[in-house]
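**Q** First the structure, then my questions, so here it is.
Quick note: the coordinates plus some simple rules give every number you see, no bench work behind them. From a predicted model like this one, the values you see are computed outputs, not experimental measurements. Cβ: placed from backbone, ideal geometry, glycine included. Neighbour counts: every protein chain shown.
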Amino acid sequence: MENHIKAICCMLNMHDLIKQEATGTPDEFAKKIQISRRQLYYMIQTFKDYGASIRYDRSRRTFYYEDHFEVNINKLLLLRSNGK
């Protein structure tokens, strides 16, 4: 259960940084949320699977939401409990 809580906290932190457009490069972003670059892209894909339109702007060096997106904690809990 503790791992699920850590994963959800990581996803919420990730969401906040993307909303603020303050992620930095992919390597910096992964370091900020204490995961590997591979895990970062896996989590980005998970967000995309739930309708997030995430893009990366090389000139600003940040990920951002192309359209408004909010994280639903209930979906995260369901996602993590199903082992995805």
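**Q** Take peptides 21-34, 41-54 and line them up by average Cβ neighbours within 10 Å, highest first, as a rough protection proxy.
**A** Descending mean neighbour count gives 21-34, 41-54.
**Q** Still on this structure, please answer the following. Over segment 2-81, consider all pairs of different Cα atoms and compute the Kirkwood hydrodynamic radius from their mean reciprocal separation; express it in Å, one decimal.
**A** Computed over Cα pairs of segment 2-81, the Kirkwood hydrodynamic radius comes out at 12.7 Å.
**Q** Residue 3 versus residue 25, label points 7 Å from Cα toward the beta carbon: distance in nm?
**A** 3.1 nm
**Q** What list of ³J(HN,Hα) couplings, whole Hz, do you get for segment 10-21 from phi and the Karplus terms 6.51, -1.76, 1.60, once you set θ to phi - 60° and write x for glycine and proline?
**A** Ordered by residue, 3J(HN,Hα) equals 4, 5, 5, 4, 4, 4, 4, 5, 5, 4, 7, 6 Hz.
**Q** Considering amide H positions built from the backbone, and no H for Pro or chain starts, which residues 5 or more places from residue 54, or on another chain, come under 5 Å of its amide H?
**A** Distant-sequence amide H within range of residue 54: 66.
**Q** Could I ask something else about it? Got a sec to turn the phi values of segment 49-66 into Karplus ³J(HN,Hα) couplings, 6.51 cos²θ - 1.76 cosθ + 1.60 with θ = phi - 60°, whole Hz, x for Gly and Pro?
**A** Working through the residues one at a time gives 4, 9, x, 6, 9, 9, 10, 10, 10, 5, 5, 8, 6, 7, 7, 8, 8, 5 Hz.
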